[in-house]
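The values are calculated or read from the model by the stated rules, or taken from the named source; none is laboratory data. This structure is a prediction, so every number in the text was calculated from the model and none was measured. With ideal geometry, Cβ positions are generated from the backbone for all residues, glycine too; neighbour counts draw on all protein chains shown. For accessibility, only protein heavy atoms count, side chains too; no ligands or nucleic acids. Shrake-Rupley method; radii C 1.70, N 1.55, O 1.52, S 1.80 Å.
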Amino acid sequence: MLSIRLISAAACLLLTLSGPLPASADIRVGVDWNGDGLIQTQPGTRVPVDAPTESEPFTFWLNHDQDDLNTGGESWPIRRADSTTDIKDSFRDLEDFNRLQIEIDDLERYPDDALLELAWLNGEGGAVNLYRATDPSCSRSYLLDRAAGEAQLAADVLSSVGSVEALSFRMRLGALGEPDLDGGGFCFLFDAAGAGRDSLVVSILHRGEVLARSEPVPVDLRHIKTFYQRTTMDWPEDVRPPWEYTTEPPPVPDLQWRYDRQGYDFQPPWWETNDEVVWVYGWLRSGEGLREMATTQAGETIFKRLWHRGYRGRLTFFHWPTVKPRMAFGLLESEYRAYKSAPALLDFVSTIDKDKRVHVTAHSLGCVVLTEALKLGLEVEDALLQVGAIPASAYDTRPVLTLPDMANVVTPVTAEEGGFLGYVASTDTPAYTMYNFADVTFFGWNIAQRHMKPTSRRGGYRYAWDSQAPSGERARLYYRTGLFRSDYRIVTDPHEIMAFIAQSRTHALGAETRMRGSIRRVFDLARTPFDFHTGHVVGWTRSAHETTAFYNLLLDIWNIAYVSELL
Amino acid sequence: MSANCSDRVRLCALLCLLLVLGGCVTRAQQHASKSDISWFARTLDGNPFSEIDPEEFPDTAREALDTRIEFHGIVRSEEGNPLRGARVTASVFDHLVDPFEFPYFSFTVRPPVFTDDQGRFRFTRERGAGMYVQVEVPGWAPVTSPRNLYVYAESLGRTENLPTRPTAPEVFVFEQRPPEAQLRRIHTGALRLEDDGVPLEASLRTLAPHGVEPGTGEAIISCYRTLEDAAPNARFDWWCELTIPGGGFQPFRINMDQAPESGYVESGRLEMTTDDPRWDDRADRDLIVQFADGKYGFVRVSMRMDGDFFVAFDGVWNPTGSTWLD
């Protein structure tokens, strides 16, 4: 794919050669600086002007990931950044593009052999690849409409406007073909290949003379990891799984969150509003480099989609120490760790400025962390549980939710004895759920509740619930002490009981459509326009075209203004 | 090779295990949610059960759930040709609302069925007080009502002439809709309200995320919140007033298969007071809108009184002037 890269030093030289010339109103450079979905370069209407300044520049991220899988996913590890190749990529790649609109008054008066030049004012700008947009109205349809996205991807080669090898972008006006914007200019898309902060200037040159020059447009291009926060924490190496503690209860791990740089510090952008979203990850694969993979593929996609929908608050991803070596191994141990991770979440939230509107949301097994945090008294603007992998009965104690085939299972039921019923019977934080009854994950979750609990390992340990034993001694961990001998430890930690012994008598919160109790509102992801079908991680695995409504819904739940799905 | 074989055996064993275990697993169903029931109650035209003896009603309702439902339908073009592949969704009123309060009946949405080569579909194994049937044919417009509520329980006022026999199916007629007659989307996104009581003029059929000049709006909305005395996270009184200049609106009712030609009010107000047991800092209302030029639309008005303080309109409008909004 041919593209243009602006290389700052050369551009500076070009500007020097061209000589200084007062900016002209003949050319205006438009970007969606304020994120309202519109590009407005001139005052005079109700639409606010997009007016980047030195202190509040147009800011966008580098296209550093590798969105090249036919499945619509991303390659990992990143072998080459999308911005460095001519390979046609996927819809996912389009999320790393933004619009650049060049308006030229009386375009027809310029000769065909006049040159359109884009250059950095001070030679400090980042490298940019420039593509001709297929939509002549400079809209964001490439992100919103599948057909428009396909057209943009298909047209890349034909509509490219220059060569990567060029030292700066100069092209004959006549070679650009039919103008856009009803004859009033040209529409481009760009992605950023290198970081930098400078002002972009567009000029029209003819035979060494500068015929017109735009006002400089300050632009700040930087790595996406500087746009949002990440935290992580490690499970202490000296704390073993709880079933390995036989004669004494397992120690309470001292989990401490820390910022997770991954090579970049967070830099609060000038646009930050008073909202902060804390997003608790679900059950991630554990292993070398996999947290970084999830950050790039899930976290960054979530950030980008919220950003494109108009969100300008802070976003922090909260990572906790899951266990998932492969497939579905480690589910219950991860649940146990989730309970233990909640104090760290509370601690992190307590560090956020008290004046902020804090929204905490969790996905899937992350909802265990959030549930425990609510139990511990988390007080924030709202708590949103997305397809929560925690029993519905934790929030709604009505018998109607009890599954007929689970009604008589002998298991701890009430929260007092280590069961789930009414675990979060009330909360000062309004709690909401997004559910999907068709989510295939809950099929497995239900199997785990029925057949993996109480947990045991042949020849090793065995958790049990002895309903005939005195109260307080019913939850037990049996372990071998000899060939034909065993002993037991009484399990008193409700987290250990819930994770390894207690079977859910209800569907998971994320599959239950009838929630009431301490859940204030519910949102159905199976229905149009969300159409999650059987998907569990749809929000960041499907294309942006299919998730626009989902991200608008997130913002709507948080009472945060969002951009029209048509913009 | 042997490793592959071994992997396959393992995979087969795992799949078999899942299938066996799966048989023991209760799958979740799409029951009506709290929001659905609230929506359903709002869209009913009054309380259709108001004349039933309240003492006996719980038992009556419970018995009504056991009514056998048989439904036969056929989907055709205006010329009488069967339409294959039409999507039919049935919501069966098969359980009671818990707690038992208006509208008393709740439903479960069945997986969609699709019409066969003869344009036929049927539901024969259902039990419930009634069923809501909706037919959709992509790219086609309804000529007869594409969705209806069928009451099967005698005690609740059984619908006359229920299509319980294959020889007398309910007929759903559709016509092909040219592109220029396709319904158009309304989606304003969040329209921020400037301040309490300050009206915002909005355009619904063209995009104007910052509103339009006074005197040119297709809708005027103002909202007011009594926040002065309210502690953080405390309830507050609020209201929103909507006007459709030169046109009007009315609440969407579940038995409306197309926009009514009369019954519109130009202006109306939603009030939420702190003593309302259903108090919320947000509300959604489904409305049928008649624009000043006589065209019709369906919009959901979302009012968000906390946080960014905005309203949003989402729906469709019919550019032909027809009253159909499906």
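For (1) under 21 Å from B:Ile37 (Cβ atoms); (2) at pLDDT 95 or above, each residue gets a yes or a no:
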site: B:Arg68; (1), (2): no, yes
site: B:Pro82; (1), (2): no, yes
site: B:Thr115; (1), (2): no, yes
site: B:Phe123; (1), (2): no, yes
site: B:Arg127; (1), (2): yes, yes
site: B:Val133; (1), (2): yes, yes
site: B:Pro138; (1), (2): no, no
site: B:Pro146; (1), (2): no, no
site: B:Ser155; (1), (2): yes, no
Can you tell me how many residues within region A:354-398 are free of Cβ contacts under 8 Å to residues at least 40 places away in the same chain and in contact with a strand residue (DSSP E or B) (Cβ under 9 Å, 6 or more places away or on another chain)? 2
Which of the residues belonging to region A:341-356 are more than 13 Å from chain B (Cβ to nearest Cβ), of a type outside the set (Ser, Thr, Tyr) and not in a helix (DSSP H, G or I)? A:Ile352, A:Asp353
Filter region A:407-420 down to the residues that are part of a helix (DSSP H, G or I) and buried (at least 18 other Cβ atoms within 10 Å of the Cβ) and list them by number. A:Ala415, A:Glu417
Check off (1) open to solvent by less than 20 Å² (accessible area, probe 1.4 Å); (2) over 27 Å from A:Gly539 (Cα atoms); (3) within 14 Å of chain B (Cβ to nearest Cβ); (4) small (Gly, Ala, Ser) for A:Ser137 and give me the number that stays unchecked. (1)
If you take the residues of region A:426-437 that are closer than 20 Å to A:Lys375 by Cβ and either at the interface with chain B (Cβ under 9 Å from one of its Cβ atoms) or part of a loop (DSSP other than H, G, I, E, B) (or both), which of them is farthest from the chain's Cα centre (by Cα)? A:Ser426
Mind checking which residues of region A:357-385 are assigned to a strand (DSSP E or B) and over 21 Å from A:Met498 (Cα atoms)? A:Arg357, A:Val358, A:His359, A:Val360, A:Thr361, A:Asp382, A:Ala383, A:Leu384
Counting only residues that are assigned to a loop (DSSP other than H, G, I, E, B), among the β-branched types (Val, Ile, Thr) and open to solvent by 10 Å² or more (accessible area, probe 1.4 Å), how many does region A:386-400 have? 1
Considering only residues that are farther than 26 Å from A:Ala338 by Cα and among the polar types (S, T, N, Q), which ones fall in region A:257-272? A:Gln267
Please state which of the following conditions A:Asp50 fails to meet, knowing it meets all the rest: (1) open to solvent by 20 Å² or more (accessible area, probe 1.4 Å); (2) within 14 Å of chain B (Cβ to nearest Cβ); (3) without any contact (Cβ under 8 Å) to a residue 24 or more places away in the chain. (1)
Flag if B:Val109 is within 14 Å of chain A (Cβ to nearest Cβ), among the β-branched types (Val, Ile, Thr) and open to solvent by less than 50 Å² (accessible area, probe 1.4 Å): yes
So, restricting to strands (runs of 3 or more DSSP E) that lie completely within region A:458-543, which ones have at least 1 residues that are open to solvent by 20 Å² or more (accessible area, probe 1.4 Å) and within 14 Å of another protein chain (Cβ to nearest Cβ)? A:519-524
Mind telling me which of the residues B:Glu70, B:Glu180 ends up being within 24 Å of the chain's Cα centre (by Cα) and either over 30 Å from B:Arg278 (Cα atoms) or hydrophobic (A, V, I, L, M, F, W, C) (or both)? B:Glu70
Screening B:Arg87, B:Arg120 for residues that are open to solvent by 40 Å² or more (accessible area, probe 1.4 Å) and over 23 Å from A:Leu525 (Cα atoms) leaves only B:Arg120
Looking at A:Arg230, is it in contact with an Asp or Glu (Cβ under 9 Å, 6 or more places away or on another chain) and open to solvent by 30 Å² or more (accessible area, probe 1.4 Å)? no
Scan region A:55-112 residue by residue and report those that are over 28 Å from A:Met171 (Cβ atoms) and either surrounded by fewer than 23 Cβ atoms within 10 Å (Cβ to Cβ) or not assigned by TED's automatic domain parsing to the domain that holds A:Arg132 (or both). A:Ser55, A:Glu56, A:Leu69, A:Asn70, A:Thr71, A:Gly72, A:Gly73, A:Ser75, A:Trp76, A:Pro77, A:Ile78, A:Arg79
Of the conditions (1) open to solvent by 10 Å² or more (accessible area, probe 1.4 Å); (2) touching a Ser or Thr at 6+ places or on another chain (Cβ under 9 Å); (3) away from every other protein chain (no Cβ under 14 Å), A:Arg312 clears all except one; give me its number. (3)
Screening A:Pro269, A:Pro216, A:Pro249 for residues that are more than 26 Å from A:Arg80 (Cα to Cα), in contact with a Ser or Thr (Cβ under 8 Å, 6 or more places away or on another chain) and either basic (Lys, Arg) or in the same structural domain as A:Glu56 (by TED's automatic domain parsing) (or both) leaves only A:Pro216
Members of region A:186-198 that are more than 26 Å from A:Asp135 (Cβ to Cβ) and open to solvent by less than 20 Å² (accessible area, probe 1.4 Å): A:Gly194, A:Gly196, A:Asp198
Do we find that A:Tyr423 is open to solvent by less than 50 Å² (accessible area, probe 1.4 Å), on the phi < 0 side of the Ramachandran plot, touching a residue at least 40 places away in the same chain (Cβ under 8 Å) and more than 9 Å from chain B (Cβ to nearest Cβ) in this structure? yes
Looking at region A:396-408 only, could you name the residues that are under 20 Å from A:Ile501 (Cβ atoms) and within 13 Å of chain B (Cβ to nearest Cβ)? A:Thr397, A:Thr402, A:Leu403, A:Asp405, A:Met406, A:Ala407
The one condition B:Thr115 fails out of (1) polar (S, T, N, Q); (2) within 14 Å of chain A (Cβ to nearest Cβ); (3) open to solvent by less than 20 Å² (accessible area, probe 1.4 Å) is (2)
Filter region A:440-457 down to residues that are within 18 Å of A:Thr506 (Cα to Cα) and of a type in the set (Gly, Ala, Ser) and give me whichever is surrounded by the most Cβ atoms within 10 Å (Cβ to Cβ). A:Ala448
Mind telling me which of the residues A:Tyr551, A:Tyr562 ends up being assigned to a loop (DSSP other than H, G, I, E, B) and either facing chain B (nearest Cβ under 9 Å) or buried (at least 19 other Cβ atoms within 10 Å of the Cβ) (or both)? A:Tyr562
When A:Arg109 is run through (1) under 28 Å from A:Asp198 (Cβ atoms); (2) free of Cβ contacts under 8 Å to residues at least 12 places away in the same chain, the failure sits at (1)
Only one of (1) away from chain B (no Cβ under 14 Å); (2) β-branched (Val, Ile, Thr); (3) over 24 Å from A:Thr246 (Cβ atoms) fails for A:Thr411. Which number is that? (3)
Restricting the search to region B:282-303, which residues are over 20 Å from the mean Cα position of the chain (by Cα) and on the phi < 0 side of the Ramachandran plot? B:Phe291, B:Ala292, B:Asp293, B:Lys295
